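> Structure below; questions to follow.
The values are calculated or read from the model by the stated rules, or taken from the named source; none is laboratory data. Worth saying up front: this structure is predicted, and the values here are computed from it rather than measured. As a convention, Cβ positions derive from the backbone with ideal geometry for all residues, glycine included, and neighbour counts pool all protein chains shown. We work out accessible area using only protein heavy atoms, side chains counted, and drop any ligands, DNA or RNA first. Shrake-Rupley method; radii C 1.70, N 1.55, O 1.52, S 1.80 Å.
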Amino acid sequence: VMASMAHLQEEKLRLQEELLGLQEKLTAQENNELSRSLQLQSQVETLKAKLLEQAQEISRLRSELGGADVEKDLLATENERLRQEMKAYEGELQELRQQQQLPCQECTHFQENTELQEQLSQLQQEAEETRAKLAELDLEVQQKTNRLAEVELRLKDSLAERAEEEERLSRRLRDSQETIASLKSQPQQIKYIIKTVEVESAKAKQALCESQSRNQYLQEQVGMQRQVLKEMEQQLQSSQKTVAQLRAQIMMYEAELERAHGQMLEEMQAMEEEKNRAIEEAFSRAQVEMKAVHENLAGVRTNLLTLQPALRTLTHDYNSLKCQVRNFPLLLQETLQSARAEISQAIEEVNTTNRELLRKYRRELQLRKKCHNELVRLKGNIRVFGRVRPITKEDGEGPEAANAVTFDDDDDAVLHLLHKGKQVSFELDKVFPPKASQEEVFQEVQALVTSCIDGYNVCIFAYGQTGAGKTYTMEGTAANPGINQRALQLLFSEVRGKAADWDYAISVSAAEIYNEALRDLLGKEPQEKLEIKLCPDGSGQLYVPGLTELRVQSVEDINKIFEFGHVNRATECTNLNEHSSRSHALLIVTVRGLDRSTGLRTTGKLNLVDLAGSERVGRSGAEGSRLREAQHINKSLSALGDVIYALRSRQGHVPFRNSKLTYLLQDSLSGDSKTLMMVQVSPAEKNTSETLCSLKFAERVRSVELGPVSRKAELASWPSHEQLEVTGGSLGDSPGTAAPPGRGHVSPVPGQLSSRVASIRRKLQASG
Ligand code: ADP
Ligand code: MG
């Protein structure tokens, strides 16, 4: 037993040593396990970190991919902006072209063009920049693709590493499992030993228990480690899955990136092309426009060149004008002063000239009057005109109404009358043929009328048989007025013309002499017989008390007066025509003037007389009032003839008082008065004997010569119409009176005349 005890002791010691070794081994194992688990943990840690890193890398890659998207967006917006800019430029170009079509007014095209060019260059620069950016982006994409490849490589490496690691780990795990299994198998032996030892020793049993619990603990530890390993395996699997997913995503992103890149490139290409085209177009357009603008500019430049001298002269003119304007008030004042002085001098001069002129005028007036008087003296102040009326309906038809009067084409003072188959010629101062108008007649009378204004007395008589045109010549018709109205009109206009220096008053009286009775045609009582009286002032002037004198100022006034006169005359008789042919109608116009500058007063009288018909009343058969009328007319016409004859032959005694007519007109027939006898004749064959008488009367009045004859003829009396008719026939045959006339017309020899007159007297006395 002792030996066995010793042996057992030894055995126990060995076992104890063995246990100790085992324990040491276990602790070493444990330590190893711990370190291995630590290592594994650190490996898991590093793997986790790597995973994190990869996740970060992925997110970074994702963000980078997103960045690429943003860049793409940016590029797209840039592209859009460029496109809009292009549009804007196109619009500008369009505008420019439209402006080009307008005429270049202010040459802004040049500036615009330069601006455009600048913009173009800017655009080009921008395009260049964009191109550079594109290249950069390309480079970046390249870099990113490279990095991606790298990352992939790295991923692959890390995967391979991980696989290796896994393998290594699983190998180790297997080793450790084997070890654990061997260790497990060892405790079996130990259990057996321990059991045997327990039997031998409680202590050994206790130690065994302890080692068993320790073993339990170790086993638990190994289970835990196994679980951790499992978890780690799961984690590894999930990370492997994630990696696969990531790889697929990366592939997808790569494809997308590739596509985006391709699209981007394409778009960029298209954009580039579009841009280039637009730029080229714009450039070419701009060039064309530029050319046009240049041409315009050249035109404007030449214009400017031509305008420059004009501008220079204009500026010069303007400056000189400015200077003149500045000096104008001064100059004006000076000029005004000098003008004032000149004007006052001129006024002075004009005044003196005026005075001189006035003096001369007065002298001239005197001279004119003198000359006029002289002229009248030389020419004779008695003029005789003849007027032949046209053949009218009243003359009837047939041989009785044939024309018996002819004229001389070369001499307007000569008239030929065919009487009883013989042509008798007469020469008067003027002969008016039937076609002569009222105007023409008045033109010849005009001078006589105006001399009234100068203060002369004028008498115009219309002489002739009834129906020869006396009233037509003196009064005329309403449409074609005669001498009366025209004379007054002329007086009005003349007076108006002299109104500056003269004050004139024109008044009118109208009277009638019938059967040697004078009646006022404008009075309230036309029947009243008026008397002609000598002025009581002893001037020898005659006047008619009660004769109405009306002031006239216009043609209307005259017309009213004429009308009134006619009415008065008409109420007096049953047959106006007959009555008027049996009476003398007088229109007496008085023109009174006052020369304001000299105070000179003038009075002129214009007597317009429509004489009674000069025809002879049938030598037999006329009785009573008709005979009386005829005797009165005959007497007054003879008296008129006598007076005119006496005046023209300058006799000392003029028998004015032999008739009312001559007595009334005494003032207007004597002195430097002027007389016109208008002898009216009818051209009709049936009136030739009366025409002959009238023309003979006219010629006698006219042919009275001045000089010694007048004295001799003093006693001679004017033949009456009856006498003219009586002598007419015999005289017609004698060469003395009825010889063809001419300017050198031979007047009756004084002796002959007086003897003829004496014979007429004798005849008259014989006939009672
Ligand atoms: P008197 O007054 O001599 O008797 P009138 O003057 O009454 O004559 O004229 C007689 C007619 O002849 C009138 O009808 C008148 O119109 C006409 N008569 C007279 N003279 C002319 C003339 N020169 N032109 C046209 N008609 C005239
Ligand atoms: Mg008449």
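> Scan the stretch 657-674 for residues that are open to solvent by 20 Å² or more (accessible area, probe 1.4 Å) and part of a helix (DSSP H, G or I) and jot them down.
Hits for the stretch 657-674 are R657, N658, K660, Y663, L664, Q666, D667.
> So, A270, is that one in contact (Cβ under 8 Å) with a residue 40 or more places away in the chain and part of a helix (DSSP H, G or I) or not?
no
> Considering each of D429, D408 in turn, give the residue that is surrounded by 12 or more Cβ atoms within 10 Å (Cβ to Cβ), in contact with a strand residue (DSSP E or B) (Cβ under 6 Å, 6 or more places away or on another chain) and touching a residue at least 40 places away in the same chain (Cβ under 8 Å).
After ruling out the rest, the residue left standing is D429.
> Those residues that are touching a His at 6+ places or on another chain (Cβ under 6 Å) and either part of a loop (DSSP other than H, G, I, E, B) or over 14 Å from M678 (Cα atoms) (or both), I need them from the stretch 401-442; list them, please.
Those that are touching a His at 6+ places or on another chain (Cβ under 6 Å) and either part of a loop (DSSP other than H, G, I, E, B) or over 14 Å from M678 (Cα atoms) (or both): T406, Q423, S425.
> Right, something else. Determine if the stretch 510-527 includes at least one residue that is at pLDDT below 90 and closer than 15 Å to K605 by Cα.
Among the residues of the stretch 510-527, not one is at pLDDT below 90 and closer than 15 Å to K605 by Cα, which makes the answer no.
> Also, I was wondering about something else. Scan the stretch 638-656 for residues that are of a type outside the set (A, V, I, L, M, F, W, C) and open to solvent by less than 10 Å² (accessible area, probe 1.4 Å) and jot them down.
G641, S649
> Another question about this same structure. Does R368 fit the bill of being basic (K, R), under 44 Å from the mean Cα position of the chain (by Cα) and assigned to a helix (DSSP H, G or I)?
no
> A further question follows. Got at least one residue in the stretch 629-638 being within 17 Å of I460 (Cα to Cα) and at pLDDT below 90?
No, every residue in the stretch 629-638 fails to be within 17 Å of I460 (Cα to Cα) and at pLDDT below 90.
> Residue by residue through the stretch 445-492, note down the ones that are open to solvent by 40 Å² or more (accessible area, probe 1.4 Å) and either within 14 Å of ligand 1 (Cβ to nearest atom) or touching a strand residue (DSSP E or B) at 6+ places or on another chain (Cβ under 6 Å) (or both).
If the condition is that a residue be open to solvent by 40 Å² or more (accessible area, probe 1.4 Å) and either within 14 Å of ligand 1 (Cβ to nearest atom) or touching a strand residue (DSSP E or B) at 6+ places or on another chain (Cβ under 6 Å) (or both), then T466, G467, T471, Y472, E475, T477, A478, A479, N480 are the ones that fit.
> Also, I was wondering about something else. Could you say which residue among I513, I532, I483 is over 60 Å from the mean Cα position of the chain (by Cα) and under 30 Å from P683 (Cα atoms)?
I513
> OK, next. For the stretch 590-605, what are the residues that are part of a loop (DSSP other than H, G, I, E, B) and open to solvent by less than 60 Å² (accessible area, probe 1.4 Å)?
Residues satisfying the conditions are T598, G599.
> In the set E258, E281, which member is under 24 Å from G91 (Cβ atoms), part of a helix (DSSP H, G or I) and open to solvent by 50 Å² or more (accessible area, probe 1.4 Å)?
Just one listed residue meets the conditions, E281.
> A further question follows. Given the conditions (1) open to solvent by 40 Å² or more (accessible area, probe 1.4 Å); (2) at pLDDT 90 or above; (3) within 60 Å of the chain's Cα centre (by Cα); (4) more than 16 Å from ligand 1 (Cβ to nearest atom), which single one is not true for L418?
Single failed check for L418: (3).
> How many residues does the stretch 459-498 contain that are under 30 Å from K696 (Cβ atoms), β-branched (V, I, T) and away from ligand 2 (no atom under 13 Å from the Cβ)?
2
> Are there any pairs, at least 6 apart or on different chains, whose C-beta atoms fall under 7 Å, with the first in the stretch 466-482 and of a type in the set (D, E) and the second open to solvent by less than 50 Å² (accessible area, probe 1.4 Å) and more than 9 Å from ligand 2 (Cβ to nearest atom), and if so, which?
Partner pairs satisfying both residue conditions: E475/G482; E475/N484.
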